[in-house]
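The values are calculated or read from the model by the stated rules, or taken from the named source; none is laboratory data. Worth saying up front: this structure is predicted, and the values here are computed from it rather than measured. Please note: Cβ atoms are built from the backbone with ideal geometry, for glycine as well, and neighbour counts cover all protein chains shown. In case anyone asks, the SASA skips ligands and DNA or RNA and just uses the protein heavy atoms, side chains included. Shrake-Rupley method; radii C 1.70, N 1.55, O 1.52, S 1.80 Å.
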Amino acid sequence: MTYSTLTSQPNRFLSFTELRKKHNELRQHQPSDYTPQFITEVDEFLRRGQATGSILDDEDDRWATQSLLDYWASILYREGHKPPNTTLIDFDPSQAPKLPDDSCPYLGLEAFHEKNHHLFYGRQRLLNKMLNHLRNHHFLAVIGSSGSGKSSTVRGGLIPSLKSGQLTGSETWQYYPPMVPGSHPLKYLACTLYSTPYSTSQTREPEMDAWVTQQIEGFQGDSNYLLNLLNQHSSQPGVLVIDQFEETFTLCSDAQIRQAFIENLLTVIQSPENRHFLIVTMRTDFESRVAQYSELQQAFENGEIRVTPMDVGELREAIEKPAKSVGLKFEAGLVDELLNDVLGEPAALPLLQFTLWKLWENRQRNRVTLETYKRLGGGRLTLSNAADEFYDALIPEDQIATQRILLKMVKPTEDLTQLAKGLEFTSSRISRQLLYQDGEAKDRIDRVLNKLIEARLVRLMEGEQSDDAQVEVAHEALVRNWPRFVGWLDDERTIVRNRLQLKSTAEQWQEWDHDPSVLWRGALLQDARNYQNLSEVEQEFVEQSLKAEREEREKELALEQKLHKTPIIFISRVDESRRHFRNRCYSFCDQSKGESDRQNRST
C-alpha cells in the first residue's frame, strides 16, 4: 500500500516530542466511559501520528511512535470502533519541516549569556562544583585557558542556576550585570552598579555621568567604598560578576586605578560580615599578574575552580540536546565523526560550536548530513575554510585591511606552557579607535570591520561611549587554527614582538612614575618612531625617549666642543706634569748615588 496522499498532507505532528506530548494529554484526560468527542480526538491523533512518519528518520523514534499508535488503536478496537490505518508511512526528507533561521541552537564563536542559557548543555558537573563552592564561600575565581568555556559557564550556566534558586534563597538575591574591567575598571564598575530609575534615559545622561564620577572618586579614596555601596543598595546578598579579569592588568595602564580597584574587591572578599558574592573569570596565562598582589593571590588560591576539558559524554550532550530542543536532526554517524575530529584539540569547544553553526547554516530543512559535514571540512577545518572563503571574496584593498586589523588583535602569550607548544601569540582586546591610527581610510576600516563582525570572525563590545568600543578576534581558535593567519604572524613575528615590547615597556615606565632609566635608546627607539598606532602612553614614552636621547647628544657635543677649545692648556699641563715627574726621578737617582758612595768609602 502507498501513502502518497498522506505524505503530502500537512496535518501531522512537527516532531516525535510533540506527538508524545499529545499522547500524554490524552492519557491524562482519558475517561472511564469513552464519549464520542474523546473517540474523535483519538482518531485524529492516530491519523496525524501515521502522517508524522514522513519526518521521522530515527529508528528509535519510529519504534516509539508506532507503539503509541498501536496502543490507541487497541483502545478503539475494545470500544467497538474501527481505527484508521496506523502503520507509519515511510520517511520522506522532502516532507521534513523547515526550521526558521532565528531558532539556531548554536552560537558559533560567541560566548553563552543568560538569554540563551536554555541552549547551554554539557557542563552540569562543573556547575555542581561551582554551586557547592558558593554554599560555603563568597568568592569564586573561575580559571581556565582560552576556549575552555569560562565565560559561558558563568554567564550561561551558573547565574541562571542561581536565579532559579539552586542555592537557598538565591532567587531573591541582587544580581548586577556582568562587567569586564576594560581600560578603566573603576568606571565600568560604577556603571555596573548604577541602577537608578533614569539609568537608561537618554535625557538624564549628565546625572549618570556625575554619579559615576562621584563613585570613581569614592573608590580611589576609600577601599571600603564598594562594600558600603553594595550594603546600601540592597538588604539582599549582591552578586557581582567580573568577566575576563585579566583586563585589569592588560588594558588598564593606570597603576593607581588598578590598585584602587583591587583593594575595593579585596575589602568585599575579606570582610567577616560580607554577605555579597564576587565571581571572576580569568585566563590561566595571566595568573602571574595576580601574584604581584599577595592578598589577591591568597584569595584566588582559596576561591579558584579550574575549568577542565569536557569529556565525550559532555560534548555529545552539548551537540545533541540543543539540536533536539529545536527539532534539528543529524544523519547517523555524523555526531560520532564530529566528536572524533575535535576531541583532544586545544580549542575543541569553539571549533565544535563554529562547526555546528556552519552545519545549521547549510542544513536541509531540519537535517544536517555527512556529505555537508565533509564538504565544510569537518570539525578541524570548518573554521579555517570559512575564514579563507571570507578572505578570498574580498577585493585586494580590503584583504590588506583585514590583515592589518587582525594583526592588531594579537600579542605574545604569557603562558609558558603555551610557549613550549609553539603557540606564541594569543588574542588581545583593543580599542576600536586604534584601528584608525595607521592612516588608512576610515570608511574602509569600518566596511571591513563590519564584514568581519558579520562573518563572526571578530567581536565588537560597545562601551558606555563611542570611544570606549573595543574589538577582538572572535576566538583564540582563529589565531591557532587558520593557517593564513598563522602565516601572517610568522611574517610579522619580529615587528609584532617589538611593537608589543614597546607597549609593555611604556606601561612599566608609567607604573614606575616615569623612571628615566626605563626610556629607550638606539635602534629600538628608531623603529618605534615608525609605529603609527601608538596609544597615549606609548606616544608619550617615545617622545620622552627621543627627548632624553637628544639631551644626551647635546651634552656630548657640548663636552666635545669644550675639549676642542682648550687643547694648549691641556697639553701644557701634561708637559708640566711630565717635567715634575722627571725632576723627581733625577733627584731620587742623585740621592741613591750619594748613599752608595758613602757606603763604599766606609768599607
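Determine, yes or no, whether residue 263 is surrounded by 14 or more Cβ atoms within 10 Å (Cβ to Cβ), more than 19 Å from residue 120 (Cβ to Cβ) and more than 20 Å from the chain's Cα centre (by Cα).
Details: surrounded by 14 or more Cβ atoms within 10 Å (Cβ to Cβ): yes; more than 19 Å from residue 120 (Cβ to Cβ): yes; more than 20 Å from the chain's Cα centre (by Cα): yes.
Taking the combined requirement at face value, the residue satisfies it.
Please enumerate the residues belonging to region 101-120 that are open to solvent by less than 70 Å² (accessible area, probe 1.4 Å) and under 22 Å from residue 19 (Cβ atoms).
103, 105
Would you please name the residue that is surrounded by the most Cβ atoms within 10 Å (Cβ to Cβ), looking only at residues in region 519-547 that are outside any loop (DSSP other than H, G, I, E, B) and modelled with pLDDT of 90 or more?
541
Give me the residue from region 367-387 that is open to solvent by less than 10 Å² (accessible area, probe 1.4 Å) and modelled with pLDDT under 90 and, out of that set, farthest from the chain's Cα centre (by Cα). Steps first, answer last, please.
Initial filter on region 367-387 (open to solvent by less than 10 Å² (accessible area, probe 1.4 Å)): 368, 372-373, 378-379, 382-384, 387.
Keeping just the survivors that are modelled with pLDDT under 90 gives 378-379, 382-384.
Numbers: 378: 24, 379: 21, 382: 20, 383: 17, 384: 19 Å.
Filtering region 367-387 for residues that are open to solvent by less than 10 Å² (accessible area, probe 1.4 Å) and modelled with pLDDT under 90, the one farthest from the chain's Cα centre (by Cα) comes out as 378.
Looking at (1) crowded, with 16+ Cβ neighbours inside 10 Å; (2) farther than 30 Å from residue 361 by Cα; (3) of a type in the set (S, T, N, Q), which is the only condition residue 52 fails?
Only one criterion is unmet by residue 52, namely (2).
For region 282-302, name all the residues that are within 10 Å of residue 143 (Cβ to Cβ) and part of a helix (DSSP H, G or I).
So in region 282-302, the residues within 10 Å of residue 143 (Cβ to Cβ) come out as 282-284, 286-287, 290, 300.
Answer for region 282-302, where residues must be within 10 Å of residue 143 (Cβ to Cβ) and part of a helix (DSSP H, G or I): 284, 286, 287, 290, 300.
I need a count of the residues in region 333-342 that are open to solvent by 20 Å² or more (accessible area, probe 1.4 Å) and in a helix (DSSP H, G or I). Before you say what the answer is, go through the steps one by one.
So in region 333-342, the residues open to solvent by 20 Å² or more (accessible area, probe 1.4 Å) come out as 333, 336-337, 340-341.
In the following step, the residues that additionally are in a helix (DSSP H, G or I) were identified as 336-337, 340-341.
Residues meeting the conditions: 4.
Whether any residue in region 127-141 is among the polar types (S, T, N, Q) and more than 27 Å from residue 303 (Cβ to Cβ) is what I want to check.
First, the residues of region 127-141 that are among the polar types (S, T, N, Q): 128, 132, 136.
The next check asks that each one be more than 27 Å from residue 303 (Cβ to Cβ); those that pass are none.
No; the residues of region 127-141 include none that is among the polar types (S, T, N, Q) and more than 27 Å from residue 303 (Cβ to Cβ).
With the condition kept exactly as written, say whether any residue in region 343-350 is over 22 Å from residue 157 (Cβ atoms), open to solvent by 10 Å² or more (accessible area, probe 1.4 Å), over 24 Å from the mean Cα position of the chain (by Cα) and not hydrophobic (A, V, I, L, M, F, W, C).
For region 343-350, residues over 22 Å from residue 157 (Cβ atoms), open to solvent by 10 Å² or more (accessible area, probe 1.4 Å), over 24 Å from the mean Cα position of the chain (by Cα) and not hydrophobic (A, V, I, L, M, F, W, C): absent.
Against the definition (open to solvent by less than 70 Å² (accessible area, probe 1.4 Å) and either touching a Leu at 6+ places or on another chain (Cβ under 8 Å) or at positive phi (or both)), how does residue 230 come out, yes or no? If you could, list the steps in order and put the result at the bottom.
Values: open to solvent by less than 70 Å² (accessible area, probe 1.4 Å): yes; either touching a Leu at 6+ places or on another chain (Cβ under 8 Å) or at positive phi (or both): yes.
It is true that residue 230 is open to solvent by less than 70 Å² (accessible area, probe 1.4 Å) and either touching a Leu at 6+ places or on another chain (Cβ under 8 Å) or at positive phi (or both).
Just checking, how many residues over region 13-33 are surrounded by 11 or more Cβ atoms within 10 Å (Cβ to Cβ) and of a type in the set (Asp, Glu)?
Residues that pass the stated criteria total 2.
If residue 141 satisfies all but one of (1) of a type outside the set (Lys, Arg); (2) on the phi > 0 side of the Ramachandran plot; (3) open to solvent by less than 10 Å² (accessible area, probe 1.4 Å), what's the number of the condition it fails?
(2)
Scan (1) open to solvent by less than 70 Å² (accessible area, probe 1.4 Å); (2) under 24 Å from the mean Cα position of the chain (by Cα) for the single condition residue 313 breaks and write down its number.
Unmet for residue 313, out of (1) open to solvent by less than 70 Å² (accessible area, probe 1.4 Å); (2) under 24 Å from the mean Cα position of the chain (by Cα): (2).
Restrict the check to region 203-224 and report whether at least one residue is at pLDDT below 95, under 28 Å from residue 411 (Cα atoms) and out of contact with any Ser or Thr (no Cβ under 6 Å at 6 or more places or on another chain).
No, there is no match, as no residue in region 203-224 is at pLDDT below 95, under 28 Å from residue 411 (Cα atoms) and out of contact with any Ser or Thr (no Cβ under 6 Å at 6 or more places or on another chain).
Could you tell me whether residue 490 is over 23 Å from the mean Cα position of the chain (by Cα), open to solvent by 80 Å² or more (accessible area, probe 1.4 Å) and within 29 Å of residue 148 (Cβ to Cβ)? Before the answer, list the steps.
Details: over 23 Å from the mean Cα position of the chain (by Cα): yes; open to solvent by 80 Å² or more (accessible area, probe 1.4 Å): yes; within 29 Å of residue 148 (Cβ to Cβ): yes.
So residue 490 passes the test.
Can you tell me which residue within region 329-366, out of those that are modelled with pLDDT of 90 or more and of a type in the set (Asp, Glu), is nearest to residue 58 (Cα to Cα)?
Within region 329-366, the match that is nearest to residue 58 (Cα to Cα) is 336.
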